[in-house]
Amino acid sequence: MPKARTDLDHRIEAAAGRGVDTLWEQRDRSLLDGPLAALVDAHRALAQAETGVTFHRVLLHRLTSGECWIDEVLLDRIHRTVGQLEDAVAQRDGLRTAALVTLAPVEAAARTASPETMADLSPQDQGALLAIARGARLREHLLTQRVSVATASGTRIGSEILRRLEASGLVEIDTTHSLHAGQPVTLTDAGRAVLSAPRPPAPPPAAPSPRAGTWPTPAARSRH
């Protein structure tokens, strides 16, 4: 059953730099900790409460739609359902307030954090990100059960590097496919932003020091 959408989803995704589905999967795989983990737990409770609100709202709509015979029994059911809907809304609103409390530090960190660039990544992670951008799938070896990423360029990326890039919000895995068939690995918006960001120019090479007993180059001679 798909999770219920909440009115905080867009704010959570903007602050975390990834979708709520990815955040839930990463939380289940223990890839999150600290404020982000607390936020996902609060959002999960909120989504569950939103499901309860939807259930009682749909039930109330069915009871009042004219499909049922109107009698004392139906009126009692409508009355009970209205009370249950009120309780569900109150619970949802309380959990929304709690989710906003956990969202505040994540949004504050997102506002103050400088955007990640290629220079912030290790050369190994840079190469992995570039390879994934050309197409990649996460596969499990049938014999060894080892999991790695096979890229379109033929490069193999280890699970440790993949977990690091995923925890940073730069890549995401489509887990709707099996590992044997291959789970597509793609860049997130944050990952594409890292690749498209301008890189700082390389420093100019240092001029070689003149060897002893040689004349300096014409450009290095002082003019009179």
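The values are calculated or read from the model by the stated rules, or taken from the named source; none is laboratory data. Predicted model only: the values in this text are computed from it and were never measured. Neighbour counts run over all protein chains shown; Cβ positions are idealised from the backbone, glycine included. Just so you know, the surface numbers come from the protein's heavy atoms only, side chains and all, with ligands and any DNA or RNA stripped out. Shrake-Rupley method; radii C 1.70, N 1.55, O 1.52, S 1.80 Å.
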Look through region 127-144, keep the residues that are over 20 Å from the mean Cα position of the chain (by Cα) and touching a residue at least 24 places away in the same chain (Cβ under 8 Å), and return whichever of them is surrounded by the most Cβ atoms within 10 Å (Cβ to Cβ). Arg139
Give all pairs with beta carbons closer than 6 Å in which a residue from region 7-20 that is touching a residue at least 60 places away in the same chain (Cβ under 8 Å) meets a residue that is small (Gly, Ala, Ser); count only pairs at least 6 apart in sequence or on separate chains. Leu8/Ala99; Ala15/Ala110; Gly17/Gly169; Gly17/Ala190; Arg18/Gly169
Within region 63-87, count every residue that is within 28 Å of Ala4 (Cα to Cα) and at pLDDT 90 or above. 13
Under the condition of being surrounded by 16 or more Cβ atoms within 10 Å (Cβ to Cβ), hydroxyl-bearing (Ser, Thr, Tyr) and farther than 15 Å from Ala131 by Cβ, which residue from region 145-198 is modelled with the highest pLDDT? Thr188
Region 1-40 - residue that is closer than 16 Å to Ala190 by Cα and acidic (Asp, Glu) and, of those, most open to solvent (accessible area, probe 1.4 Å): Asp21
Among the residues of region 137-155, write down those that are assigned to a strand (DSSP E or B), among the small types (Gly, Ala, Ser) and in contact with a helix residue (DSSP H, G or I) (Cβ under 9 Å, 6 or more places away or on another chain). Ser148
Among the residues of region 22-36, write down those that are in a helix (DSSP H, G or I) and either in contact (Cβ under 8 Å) with a residue 12 or more places away in the chain or under 13 Å from Leu103 (Cβ atoms) (or both). Thr22, Leu23, Trp24, Glu25, Gln26, Arg27, Pro35, Leu36
Could you please let me know if Leu59 is surrounded by fewer than 18 Cβ atoms within 10 Å (Cβ to Cβ) and closer than 18 Å to Gln84 by Cβ? yes
